[in-house]
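Participant: The structure that follows is given in the form of structure tokens.
The values are calculated or read from the model by the stated rules, or taken from the named source; none is laboratory data. It should be emphasised that the depicted structure is a prediction, and the values quoted were computed from it without experimental measurement. When we count neighbours, we look across all protein chains shown, and the Cβ atoms used for this are built from the backbone with ideal geometry, even at glycine.
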Amino acid sequence: MGEILYAVLPLPIPASVYGLILLLLALRLGIVKLEQVKEVGLFLTGIFPLLFVPAAAGVMELWAEMGNMLLPIIIAIVPVTVLVLASAGRTTQALTSRRKNKEAAHD
């Protein structure tokens, strides 16, 4: 379905992202149960570091060419990393506090 959305919608979003959004919606709506995807999710997170080996090899191969652009790369990477860490932390805090509030309301 992610591939279909990618072909139909004129947005610059990869099909895999559409697929993840659809999976999230299916999980939230109860169409797909967590138990149905938990084993695959655990497997994928277990091999996650392996998925980055080709990217790391590509960086090592192009290291000499990247030397000239090192300062702009660092200027781009550092603020983006801080932004991602801050937004992930804020999102996690919001979701955690929301869950705690719901649990407190149910008790």
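Participant: Output the residues belonging to the range 43-66 that are in a helix (DSSP H, G or I) and among the aromatic types (F, W, Y).
Facilitator: Within the range 43-66, F43, F48, W63 qualify.
Participant: For the structure I just gave you, tell me whether A26 is in the same structural domain as E3 (by TED's automatic domain parsing), under 13 Å from M1 (Cβ atoms), surrounded by 10 or more Cβ atoms within 10 Å (Cβ to Cβ) and touching a Phe, Trp or Tyr at 6+ places or on another chain (Cβ under 6 Å).
Facilitator: Against the criterion (in the same structural domain as E3 (by TED's automatic domain parsing), under 13 Å from M1 (Cβ atoms), surrounded by 10 or more Cβ atoms within 10 Å (Cβ to Cβ) and touching a Phe, Trp or Tyr at 6+ places or on another chain (Cβ under 6 Å)), A26 does not qualify.
Participant: Which of the following residues is acidic (D, E) and outside the structural domain of M1 (by TED's automatic domain parsing): E103, E35, E39?
Facilitator: That would be E103, the only listed residue that is acidic (D, E) and outside the structural domain of M1 (by TED's automatic domain parsing).
Participant: Continuing with the same structure: So which residues in the range 63-89 are under 30 Å from R28 (Cβ atoms) and over 15 Å from the mean Cα position of the chain (by Cα), if there are any at all?
Facilitator: Once the filter is applied, which keeps residues that are under 30 Å from R28 (Cβ atoms) and over 15 Å from the mean Cα position of the chain (by Cα), the range 63-89 yields only V82.
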